[in-house]
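The values are calculated or read from the model by the stated rules, or taken from the named source; none is laboratory data. Quantities reported herein were computed from a predicted structural model and do not represent experimental measurements. We place every Cβ from the backbone using ideal geometry, glycine too, and count neighbours over all the protein chains shown. Accessible surface is based on the protein model in full, side chains and every heavy atom, while ligands, DNA and RNA are left aside. Shrake-Rupley method; radii C 1.70, N 1.55, O 1.52, S 1.80 Å.
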Amino acid sequence: MENNELATLGGGCFWCLEAAFNKVKGVSSALSGFAGGHIINPTYHQIISGQTGHAEVVQVTYDPNIISYELILDIFFQLHDPTQLNRQGNDVGTQYRSIILSHSDNQRHLAANKINNLDVLGIWEQNIVTEIKDFDAFYIADDYHQGYAENNPNQPYCALLISPKLDKFKAQFKDWLK
């Protein structure tokens, strides 16, 4: 545990990111929460108002001796559309923006390089709008948000939106699944 590092990432609803990262080798936990805003200890109802500046994020605790930050970023960019400004699909608002909250200068540098390289490759028709911001604070979401997709696979949002993303993720990163 002493060698673990943190990655804090937002790419739309946190349920999908959390479900995926909790299946990855080298990740000891992925927690749903909020970060990047100006309100201390926000509630979920404050977050969904769009007035807090926070985004729905996951905080990933990982062992860099097993999985690199670069691979964490690869997974992140595969799980959402980083070209959509302040939204992911039908989830609209700044709380659903694509954001990387860097915990170090190295993470900031690696994230900026990743975005530049992905834009150069032209994977998406539009440029990536993912915000890179220095990490300030993480506020964990209520217990019912933790493991939500795993615990509610038949809930319509999970079945129709999250399950297909997770299936694609599992196929692409099968060598990295626990």
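The number of residues in the range 142-172 that are in contact with a helix residue (DSSP H, G or I) (Cβ under 6 Å, 6 or more places away or on another chain) and aromatic (Phe, Trp, Tyr) comes to 2.
So is GLY10 crowded, with 24+ Cβ neighbours inside 10 Å and either within 20 Å of ASP134 (Cβ to Cβ) or without any contact (Cβ under 8 Å) to a residue 60 or more places away in the chain (or both) or not? So GLY10 fits the description; yes. Out of all the residues in the range 54-72, is one or more touching a strand residue (DSSP E or B) at 6+ places or on another chain (Cβ under 9 Å) and over 23 Å from ASN113 (Cα atoms)? Looking through the range 54-72, at least one residue is touching a strand residue (DSSP E or B) at 6+ places or on another chain (Cβ under 9 Å) and over 23 Å from ASN113 (Cα atoms). The set of residues in the range 27-39 being touching a strand residue (DSSP E or B) at 6+ places or on another chain (Cβ under 8 Å), of a type outside the set (Ser, Thr, Tyr) and either open to solvent by 20 Å² or more (accessible area, probe 1.4 Å) or assigned to a strand (DSSP E or B) (or both) consists of VAL27, ALA30, LEU31, GLY33, PHE34, ALA35, GLY37. When every residue of the range 41-58 is checked against the conditions, at least one turns out to be exposed (fewer than 15 other Cβ atoms within 10 Å of the Cβ), free of Cβ contacts under 8 Å to residues at least 24 places away in the same chain and assigned to a loop (DSSP other than H, G, I, E, B). Looking only at residues of the range 29-40 that are free of Cβ contacts under 8 Å to residues at least 60 places away in the same chain and of a type outside the set (Gly, Ala, Ser), we find that the one that is nearest to TYR148 (Cα to Cα) is ILE39. Just one of the listed residues (ASN86, ASN90, ASN106) is in contact with a Gly (Cβ under 9 Å, 6 or more places away or on another chain) and more than 12 Å from ILE132 (Cβ to Cβ), namely ASN86.
Among all positions in the range 107-127, there is at least one residue which is of a type outside the set (Phe, Trp, Tyr) and touching a residue at least 60 places away in the same chain (Cβ under 8 Å). Looking for something closer than 21 Å to TYR148 by Cβ and open to solvent by 10 Å² or more (accessible area, probe 1.4 Å) - is there at least one such residue anywhere in the range 64-75? Checked the range 64-75: no residue is closer than 21 Å to TYR148 by Cβ and open to solvent by 10 Å² or more (accessible area, probe 1.4 Å).
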